[in-house]
Amino acid sequence: MGSAGQNAWKLADHPKLPKGKTIAMVVLDGWGEAKPDQYNCIHVAHTPTMDSFKTTAPEKWRLIKAHGTAVGLPSEDDMGNSEVGHNALGAGRIFAQGAKLVDLALASGKIYDGEGFKYIKQSFNNGTLHLIGLLSDGGVHSRLDQLQLLLKGAAERGAKRIRVHFLTDGRDVLDGSSVGFVETLEKDLSNLREKAVDAQIASGGGRMYVTMDRYENDWNVVKRGWDAQVLGEAPYKFRSGVEAVKKLREEPKANDQYLPPFVIVDESGNPVGPIKDGDAVVTFNFRADRMTMLAKALEYADFDKFDRVRVPKIHYAGMLQYDGELKLPSHYLVTPPEIERTSGEYLVHNGVRTFACSETVKFGHVTFFWNGNRSGYFNEEMEEYVEIPSDVGITFNVQPKMKALEIAEKARDAILSGKFDQVRVNLPNGDMVGHTGDIEATVVACKAADGAVQMIIDAIEQVGGIYVITADHGNAEDMVKRDKSGKPLLDKSGNLQILTSHTLQPVPIAIGGPGLKAGVRFRNDVPTGGLANVAATVINLHGFEAPNDYEPTLIEVVDN
Ligand SMILES: O=C(O)[C@@H](CO)OP(=O)(O)O
Ligand SMILES: [Mn+2]
Ligand SMILES: [Mn+2]
């Protein structure tokens, strides 16, 4: 906005809607709309509050798109996720997201002309190129086909020694699919070996137990990865990646998300690929939240979150830059989307005071992602962000209520305090418990989230405010993989194929509360509306017209 200065931030008054109403903006994480059956945990759970919106005020309830191109993903086959969902909700426009930008850079070859690739290339002659990231075709954090292209492209451009450190998924793809992905990777690496490139798998582990923590919930996760990837130390040693994953999956209750860390060793038992001085490292995930902690460990000189033991002097680049504010990492292969002029920034410039809260595992969603992948406050005097510490070291089916009550209480207190115009929260239950694949626990999770919504709208009732309740993508509404006709699929042994991932489903949005002016309802001329249409809607409810280039508002005010 720069030279245009403060004036350019000024939003016009809405011709019909008043200012000064307290708005609760609630995001239910992983809460989509799907056919009601026994695998729809939202349907099975007792959720009177969310149900009531649909039945009591149908003109103030609708579905919006939360996946595919509506949130900047490459295709309609891409399920939604928190990063793109919250980006769209906060920014009010659709930006081509990491997945798509990497596709384009690889297809055009521009990825190899950029500063980031030139930087890592300096290690190709005398060092090893290490690739670290999530191995699946889930498309939420990374994609196998992008890794394959990068391996090929790096080898063609002089990488002589390559080591892959993979993280198994089972969260964005079916549990057990890791074996197939590792087999594919082994085949690619053996093809490279035929071309005289010394290419091998060096280490691995499950994404939720090794490396991919987020928002500094548990540094031990990153440390386990560091020990395997950098130091070459892990509790398990195998001769090949396929053998590792197959063996580790034989343990009772083992699953792809939580496989323990392992290293691949040579015939003398020595690790084949610890990261050493002079090597290059690329973290090939495009998504930020779960790579930021590792990026800090790889890049920061004064890092003190765990004892790194040995800090190799490397050329490190991220697939993308993961944090624009922190400039982390300083080298990257693809420039991230520039998400600027988000609704949060407009609102602080127009006097709207904001409170945002979630528990650790989703805290960055309603702050960092909401604000266009930007850390910190726009204006410390007008905003307060509160993080409730998440439970550490458990899978959330053990505590499916998570911190829903605590989040709702914080929101209630913020609403009743009169200090804020917007109180924004993320309720993680449907998503975090849905990812465990535990149907019973997910039902409990949905009920807890519904109760939290009720507590928040009770507070809104008391202050004469407005509520906007929506979700960022589906998850808990469908817990099984289905065939095209919608019938649940069974595996070879006749067991249900449990769906731990997000879905392609639309999500609900409901508005209401005593402060909502009579005559406000959803328009029917934006049938394809998606998450990006929510920002203009909320700006209107704060009493302003949205910026011209925002996706259109979902509401109209009819005079009665
Ligand atoms: O846990 C995560 O990292 C993703 C799934 O890969 O979920 P969400 O987008 O809801 O954060
Ligand atoms: Mn989410
Ligand atoms: Mn999720």
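The values are calculated or read from the model by the stated rules, or taken from the named source; none is laboratory data. Everything numeric in this text was worked out from a predicted model, so none of it was measured. Because the Cβ atoms are built from the backbone with ideal geometry, glycine has one as well, and the counts that use them run over all protein chains shown. Quick note on the areas: whole protein, heavy atoms, side chains included, nothing else; ligands and nucleic acids left out. Shrake-Rupley method; radii C 1.70, N 1.55, O 1.52, S 1.80 Å.
Taking Leu149, is it open to solvent by 50 Å² or more (accessible area, probe 1.4 Å) and either within 16 Å of ligand 3 (Cβ to nearest atom) or not basic (Lys, Arg) (or both)? Judged against the criteria, Leu149 is a match. Picking from residues in the stretch 437-475 that are acidic (Asp, Glu) and open to solvent by 10 Å² or more (accessible area, probe 1.4 Å), the one that is nearest to ligand 1 (Cβ to nearest atom) is Asp438.
In the stretch 289-312, what residues are closer than 16 Å to Arg163 by Cα and open to solvent by 40 Å² or more (accessible area, probe 1.4 Å)? Result: no residue meets the conditions. Checking each residue in the stretch 68-82 for being under 16 Å from Ser142 (Cα atoms) and within 16 Å of ligand 3 (Cβ to nearest atom) picks out Leu73, Asp78, Met79, Gly80, Asn81, Ser82. Just the residues that are surrounded by fewer than 17 Cβ atoms within 10 Å (Cβ to Cβ) and either over 16 Å from Asp227 (Cβ atoms) or of a type in the set (Phe, Trp, Tyr) (or both), please, taken from the stretch 255-288. Answer for the stretch 255-288, where residues must be surrounded by fewer than 17 Cβ atoms within 10 Å (Cβ to Cβ) and either over 16 Å from Asp227 (Cβ atoms) or of a type in the set (Phe, Trp, Tyr) (or both): Asp266, Glu267, Ser268, Gly269, Asp277, Gly278.
A Cβ distance below 8 Å, combined with a sequence gap of six or more or placement on separate chains, defines the contacts here; from the stretch 374-393, residues that are of a type in the set (S, T, N, Q) reach residues that are in a loop (DSSP other than H, G, I, E, B) and surrounded by 13 or more Cβ atoms within 10 Å (Cβ to Cβ) in the pairs Ser375/Leu326; Ser390/Asn217; Ser390/Met402; Ser390/Lys403. Would you check if there is a residue in the stretch 207-228 being in a strand (DSSP E or B) and farther than 24 Å from Gln148 by Cα? No, the stretch 207-228 has no match at all. Quick check, is Arg341 modelled with pLDDT of 95 or more, under 19 Å from Ala535 (Cβ atoms), open to solvent by less than 50 Å² (accessible area, probe 1.4 Å) and among the basic types (Lys, Arg)? It is true that Arg341 is modelled with pLDDT of 95 or more, under 19 Å from Ala535 (Cβ atoms), open to solvent by less than 50 Å² (accessible area, probe 1.4 Å) and among the basic types (Lys, Arg).
Tell me whether the stretch 187-206 contains one or more residues that are in a loop (DSSP other than H, G, I, E, B), at pLDDT 95 or above, acidic (Asp, Glu) and surrounded by fewer than 20 Cβ atoms within 10 Å (Cβ to Cβ). No, the conditions are met nowhere in the stretch 187-206.
Note on the stretch 325-346: residues that are assigned to a loop (DSSP other than H, G, I, E, B) and more than 24 Å from Pro74 (Cα to Cα) total 6.
Considering the stretch 48-82, the residues that are in contact with a His (Cβ under 9 Å, 6 or more places away or on another chain) and closer than 12 Å to Leu531 by Cβ include one that is most open to solvent (accessible area, probe 1.4 Å), namely His67. Within the stretch 6-22, not a single residue is in contact with a strand residue (DSSP E or B) (Cβ under 7 Å, 6 or more places away or on another chain), within 16 Å of ligand 1 (Cβ to nearest atom) and not in a helix (DSSP H, G or I). Looking only at residues in the stretch 31-43 that are in a helix (DSSP H, G or I) and within 16 Å of ligand 1 (Cβ to nearest atom), the one that is least open to solvent (accessible area, probe 1.4 Å) is Cys41. Taking the criterion of being within 16 Å of ligand 3 (Cβ to nearest atom) and of a type in the set (D, E, K, R), the only residue of the stretch 5-38 that qualifies is Asp29.
Here's the yes/no breakdown for (1) in a loop (DSSP other than H, G, I, E, B); (2) out of contact with any Asp or Glu (no Cβ under 6 Å at 6 or more places or on another chain); (3) aliphatic (A, V, I, L, M):
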site: Asn285; (1), (2), (3): yes, yes, no
site: Arg290; (1), (2), (3): yes, yes, no
site: Ala301; (1), (2), (3): yes, yes, yes
site: Val309; (1), (2), (3): yes, yes, yes
site: Lys313; (1), (2), (3): yes, no, no
site: Ala317; (1), (2), (3): no, yes, yes
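Looking across the stretch 156-174, the residues that are open to solvent by 10 Å² or more (accessible area, probe 1.4 Å) and either touching a strand residue (DSSP E or B) at 6+ places or on another chain (Cβ under 7 Å) or on the phi > 0 side of the Ramachandran plot (or both) come down to Gly158, Lys160, Arg161. Which of the residues that make up the stretch 128-146 are farther than 21 Å from Asp289 by Cβ and surrounded by fewer than 23 Cβ atoms within 10 Å (Cβ to Cβ)? Selection gives Asp145 alone.
Across the stretch 83-107, the qualifying residues are those that are closer than 16 Å to Ala535 by Cα, of a type in the set (A, V, I, L, M, F, W, C) and away from ligand 3 (no atom under 16 Å from the Cβ), and the one among them that is most open to solvent (accessible area, probe 1.4 Å) is Ile94. Would you pick out the residues in the stretch 270-292 that are within 16 Å of ligand 3 (Cβ to nearest atom) and of a type in the set (Gly, Ala, Ser)? Passing the criteria: only Ala288. Out of the residues in the stretch 411-436 that are of a type in the set (D, E, K, R) and away from ligand 1 (no atom under 16 Å from the Cβ), which is nearest to Thr360 (Cα to Cα)? Of everything passing the filter in the stretch 411-436, Arg424 is nearest to Thr360 (Cα to Cα).
The criterion of being over 23 Å from Gly92 (Cβ atoms), open to solvent by 50 Å² or more (accessible area, probe 1.4 Å) and not small (Gly, Ala, Ser) holds for Glu387. Name every residue in the stretch 407-436 that is open to solvent by 10 Å² or more (accessible area, probe 1.4 Å) and within 16 Å of ligand 2 (Cβ to nearest atom), in order of residue number. Once the filter is applied, which keeps residues that are open to solvent by 10 Å² or more (accessible area, probe 1.4 Å) and within 16 Å of ligand 2 (Cβ to nearest atom), the stretch 407-436 yields only Thr436. Selection of helices (runs of 4 or more DSSP H) fully inside the stretch 347-460 by the criterion of at least 3 residues being within 26 Å of Asp175 (Cα to Cα) returns 360-364, 429-434. One residue stands out in the stretch 44-83 among those that are of a type in the set (S, T, N, Q) and part of a helix (DSSP H, G or I): the one that is farthest from His473 (Cα to Cα), namely Thr56. Selection of first residues in the stretch 66-82 that are touching a residue at least 60 places away in the same chain (Cβ under 8 Å) and farther than 21 Å from Glu338 by Cβ and of second residues that are part of a helix (DSSP H, G or I) and open to solvent by 30 Å² or more (accessible area, probe 1.4 Å), restricted to Cβ pairs under 8 Å at least 6 apart or on distinct chains, gives the following pairs, ordered by first then second residue: Glu76/Thr69. Among the residues of the stretch 484-530, write down those that are within 16 Å of ligand 1 (Cβ to nearest atom), open to solvent by 40 Å² or more (accessible area, probe 1.4 Å) and part of a strand (DSSP E or B). Passing the criteria: only Ile498.
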